[in-house]
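Following: one structure in structure tokens, then a few remarks.
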Amino acid sequence: MKIGVISDIEGNDKKLDKVINELDECDLVANLGDSVGDKGDSNAVLELLNQDKVKSVLGNHDLEIILNKDIAPEKFLAPMIYNSPDSFETDIKLSKTNFNFLKKLNLGFRVNHNGNVYSFYHSYYSQYKGNTFFEYIDKGNAETLLKLSKSDIIFIGHNHIPEIFRIKKNDINQKRIKESVTIPLETGFKYIINVGSVGASRDKKIEYSYAVVDTVKTKISLIVKRK
């Protein structure tokens with residue numbers, strides 16, 4: 001089974017269309033959220049995602065549209081946003097069909113295959129007084145995410161930077177990825193893969209990035225398209 005993993009499209013329908021075509025041979029495409037945004041046509045993005053082959057989850061930008069309120073990107077911002085009297089404003093206007101598609105999405109899902117559990121999230125999320133926030137993953141909270149997910153391999157987005165976390169007990173190796181790479185999934189290790197961004201990379205030298213996991217050959221390719 002081959003699973004393509006994308007994230008942080010940010011409304012960039014042109015780049016999404018290109019990446020979806022590149023993932024044509026995958027059995028499933030997992031979309032890790034922040035599908036909507038100001039980088040193109042969010043309605044066109046959601047129409048591309050609304051197909052049987054693609055399974056999407058919610059990111060903070062998607063929740064902002066659904067709830068019509070700010071979603072804190074970090075734990076320390078959650079209290080500030082909770083206490084803010086300002087209303088949420090956006091220029092993104094979705095069709096009724098696309099809005100309903102977004103509303104039906106969950107915050108994550110799992111795939112069990114060939115003895116491994118793969119989880120797919122936008123990032124580690126929690127709540128402050130009922131309001132959701134998403135944390136950026138680093139060495140300090142990587143093991144927490146693994147424990148909460150009860151998974152062997154986790155795919156995330158959120159920070160728009162491709163990274164690989166290789167974890168064994170208390171030993172965490174975090175590596176930023178700047179070129180395409182394929183890694184085997186080694187016995188005894190757990191992994192967190194940040195697939196970066198399709199539509200809004202924060203590395204000025206990267207056009208877009210995504211991952212492909214082969215659950216039979218137990219290997220992951222992190223694809224980085226450089227400008």
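The values are calculated or read from the model by the stated rules, or taken from the named source; none is laboratory data. Keep in mind that what you see is a predicted model, and the values were worked out from it rather than measured. Here the Cβ positions follow ideal geometry from the backbone for every residue, glycine too, while neighbour counts run over all protein chains shown.
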Q: Determine whether ASP34 is crowded, with 23+ Cβ neighbours inside 10 Å, charged (D, E, K, R) and touching a residue at least 24 places away in the same chain (Cβ under 8 Å).
A: yes
Q) Of the residues in region 148-169, how many are more than 27 Å from GLY199 (Cα to Cα), touching a residue at least 24 places away in the same chain (Cβ under 8 Å) and of a type outside the set (Ser, Thr, Tyr)? A) 4
Q) Of the numbered conditions (1) among the hydrophobic types (A, V, I, L, M, F, W, C); (2) closer than 25 Å to ASP27 by Cα; (3) surrounded by 15 or more Cβ atoms within 10 Å (Cβ to Cβ), VAL216 satisfies every one except a single condition; which is it? A) (3)
(Q) Of everything in region 25-37, what is touching a strand residue (DSSP E or B) at 6+ places or on another chain (Cβ under 9 Å) and either of a type in the set (D, E, K, R) or on the phi < 0 side of the Ramachandran plot (or both)? Give them in sequence order. (A) GLU25, CYS26, ASP27, LEU28, VAL29, ALA30, ASN31, LEU32, SER35
Q: Could you please find all residues in region 180-227 being under 20 Å from SER35 (Cβ atoms), among the charged types (D, E, K, R) and more than 16 Å from the chain's Cα centre (by Cα)?
A: GLU207, LYS225
Q: Identify the single condition in (1) assigned to a loop (DSSP other than H, G, I, E, B); (2) touching a strand residue (DSSP E or B) at 6+ places or on another chain (Cβ under 8 Å); (3) in contact (Cβ under 8 Å) with a residue 24 or more places away in the chain that LYS15 does not satisfy, given that it satisfies every other one.
A: (1)
(Q) Consider region 178-203. How many of its residues are closer than 24 Å to GLY11 by Cα and either free of Cβ contacts under 8 Å to residues at least 12 places away in the same chain or hydrophobic (A, V, I, L, M, F, W, C) (or both)? (A) 4
(Q) If a residue must be in contact with a strand residue (DSSP E or B) (Cβ under 9 Å, 6 or more places away or on another chain) and either modelled with pLDDT under 95 or closer than 15 Å to TYR121 by Cβ (or both), how many such residues does region 161-184 contain? (A) 3
Q: Read through the list (1) part of a loop (DSSP other than H, G, I, E, B); (2) loosely packed, with under 14 Cβ neighbours inside 10 Å, then give the number of the only condition that THR182 fails.
A: (1)
Q. Of the residues that sit in region 126-147 and are in contact (Cβ under 8 Å) with a residue 60 or more places away in the chain and not in a loop (DSSP other than H, G, I, E, B), which one is farthest from the chain's Cα centre (by Cα)?
A. ASN131
Q. Is one or more of the residues making up region 95-111 free of Cβ contacts under 8 Å to residues at least 60 places away in the same chain, in contact with a Phe, Trp or Tyr (Cβ under 7 Å, 6 or more places away or on another chain), aromatic (Phe, Trp, Tyr) and part of a helix (DSSP H, G or I)?
A. no
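Per-residue answers, yes or no, for (1) of a type in the set (D, E, K, R); (2) touching a Leu at 6+ places or on another chain (Cβ under 8 Å):
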site	(1), (2)
SER119	no, no
TYR124	no, yes
LYS129	yes, no
THR132	no, yes
ALA142	no, no
ILE153	no, yes
LYS169	yes, no
ARG176	yes, no
Q. Quick one: which of ILE9, ILE92 is among the β-branched types (Val, Ile, Thr), part of a loop (DSSP other than H, G, I, E, B) and under 30 Å from VAL216 (Cα atoms)?
A. ILE9
Q | Check on LEU107, at pLDDT 90 or above, within 23 Å of GLY196 (Cα to Cα) and out of contact with any Leu (no Cβ under 9 Å at 6 or more places or on another chain) | A | no
